[in-house]
Amino acid sequence: MTLANKKILLGICGGIAAYKSADLVRKLKEQGADVRVVMSQSAKEFITPLTLQALSGYPVAESLLDPTAEAAMGHIELARWADLVIIAPATANFIARLRAGMADELITTLCVATESSIAICPAMNQQMYQYPATKENIAVLAQRGHQMWGPDSGSQACGEIGPGRMLEPLDIVARAQDFLAGDEQKPLKGKKLMLTAGPTREAIDPVRYISNHSSGKMGFALAEAAVKLGAEVTLVSGPVNLPTPTSVTRIDVISAEDMLQRVLNDIESQDIFIGCAAVADYKIEQIAKEKIKKNDENMQLALTRNPDILATVAKRNNKPFTVGFAAETNNLVEYARSKLERKNLDMIAANDVSVAGQGFNADDNALHVFWSEGSQHLPTTNKKALAKQLLLLIAERMNK
Ligand code: PMT
């Protein structure tokens, strides 16, 4: 009964996958959830309200302008009642209307009026799913923090093959369980976490720059995992080629100076700061205004030190719990411990970037984590799993 006492509002739109929604109601209830159903007008062409009423045990909400239904539980009350709103199936039309913020029938109105999380389970013909406007609408809704569950790919009711199948009811139930997992699985709930990721670029002239091999994968994995553990995440990223994880506020920067400014603008309210970016240690003393011509066989560039973002944050009064990374190729323990002390950090995660298949621009990594009274080795695994392990360690150490 992993959904015991959870209130789930299931919205059903008019698509052929609506027949699966009846089974979804049953499976949610089997896990102990209290389920109420709202149907769009077109959903009733595919499945009857009576079926869903019988399965959920409640009358189905169908109309915004039904005085009897409003007397039982008004639409605002219903929107506030839910712990989670699941829209399954969510058609291309519904997704477009929600993106536009329309409240033109009960199902869209409830989504606009709810303060609860909304999980959208798209279901449509594969061509409709791949239509640019649909893809953009889905991306915008995900960026606003809505959960996007599916779709699956495979053979469709229309006979075509491709992405657009609604997830199976059991899969939706599993995601609901995961999403509504108790606070003990969200140890960063209520915490504000800021982190830096990716490389910085230090301009030489209008066409050239100094940078490094950081892909941003480690930092973006941390941002994604931190959201899942309940944190409110701000990601200050150098130039990388990665999509923004759901529910993360992303600030793009280019140089170390930009990164420092954007971090300082928002650091006051943060509980945790993680410096995962590979910040260029030096910048060009004088950036050339025009492209430098290659007139000479040799050339020298005068460099000057960049500000240390991590150390600047750690120096503040009331500093957040401050975690650094250390990218080392030798003497890892000694160098990491010295950075921990020198930069006044609460914790440092060191990676040996000389090991093939780890560190810069790899999917895997391993970390040696140090704090003043101890250390822990997190062995090689993919960066997403490693990010979660590091954050759990941070949550544990913060509470000591
Ligand atoms: O991005 P990926 O391809 O996934 O690779 C991940 C990674 C290898 C970049 C990451 O795991 C990592 O090690 N990041 C830190 C890289 C680094 O710059 O290490 P460092 O030892 O030079 O710096 C120590 C710490 O000071 C780091 O937290 C760094 O963010 C911070 N720093 C350094 C210089 C500077 N001017 N300002 C800083 O804030």
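Remarks
- Debye intensity ratio in log₁₀ form over the Cα atoms of the chain, taken at each q of 0.10, 0.14 Å⁻¹: -0.78, -1.15
- Between Ala92, Gly238, Gly154, the Cα set farthest toward the positive side of the dipole of the chain (charges on each charged residue's Cβ, about the Cα centre) is that of Gly238.
- Dividing the summed -39500 (n - 2.57) terms of all DSSP H runs of n ≥ 4 by the residue count of the chain sets its mean residue ellipticity at 222 nm at -10000 deg cm²/dmol.
- Mean separation of Cα contacts under 8 Å, 6 or more apart, over the residue count of the range 185-398: relative contact order %: 20 percent
- Counting only DSSP beta bridges whose two residues both lie in the range 185-398, roughly 40 percent are antiparallel.
- The chain, relative contact order in percent, only Cα pairs under 8 angstrom and at least six apart counted: 11 percent
- Using all pairs of distinct alpha-carbon atoms, the Kirkwood hydrodynamic radius of the range 185-398 works out to 17.7 angstrom.
- When the Cα positions of Met39, Gln53, Val25 are compared along the charge dipole of the range 1-91, Val25 comes out farthest toward the positive end, with charges on each C-beta of Lys, Arg, Asp and Glu.
- 0 to 90° range, to nearest 10: angle between helix 132-143 axis and the chain longest Cα axis: 70 degrees
- Rounded to the nearest 20 debye, dipole of the range 185-398 from Cβ charges on Lys, Arg, Asp, Glu: 460 debye
- Beta bridge orientation in the chain: antiparallel %, DSSP, nearest 5: 30 percent
- Exceeding the 18 Å Cα-Cα cut-off - candidates Lys315/Lys400; Lys217/Lys383; Lys319/Lys400: Lys315/Lys400
- Set of aspartates and glutamates with alpha-carbon distance to Lys44 below 19 Å, sequence-local pairs under 8 removed: Asp23, Glu62, Asp66, Asp104, Glu105
- Size of electric dipole in the range 136-194: Cβ of Lys, Arg +1 and of Asp, Glu -1, about Cα centre, debye, nearest 20: 440 debye
- Gyration tensor verdict on the range 136-253 (Cα atoms; rounded if a/c is under 1.5, prolate if a/b is larger than b/c, oblate otherwise): oblate
- Dipole magnitude of the chain about its Cα centre (Cβ charges: Lys, Arg +1; Asp, Glu -1), debye to nearest 20: 380 debye
- Within the same chain, aspartates and glutamates fewer than 8 places from Lys228 are excluded, and of the rest, those with a Cα less than 19 Å from its Cα are Asp83, Glu115, Asp171, Asp178, Asp183, Glu184, Asp271, Glu396.
- Three-way shape label, the range 1-108, alpha-carbon gyration tensor, a/c 1.5: rounded
- Contact order relative to length of the range 158-298, as percent, for alpha carbon pairs under 8 angstrom and 6 or more apart: 31 percent
- Across the range 257-263, rounded Karplus estimates of 3J(HN,Hα) from the backbone phi angles (6.51 cos²θ - 1.76 cosθ + 1.60, θ = phi - 60°) give 4, 4, 4, 4, 4, 5, 5 Hz, Gly and Pro being marked x.
- C-alpha center-to-center spacing [the range 112-174, the range 19-37] in angstrom: 19 Å
- Burial order of peptide ranges 132-140, 341-349 (average beta-carbon count within 10 Å, highest first): 341-349, 132-140
- Under 24 Å from the Cα of Lys291 - lysines, other chains or at least 8 residues apart: Lys283
Laboratory data are not the source of any read-out in this text; all were calculated from the coordinates shown. Since we're looking at a predicted model, the values are computed, not measured. Positions of Cβ are generated from backbone atoms using ideal geometry, with glycine treated the same way; all protein chains shown enter the neighbour counts.
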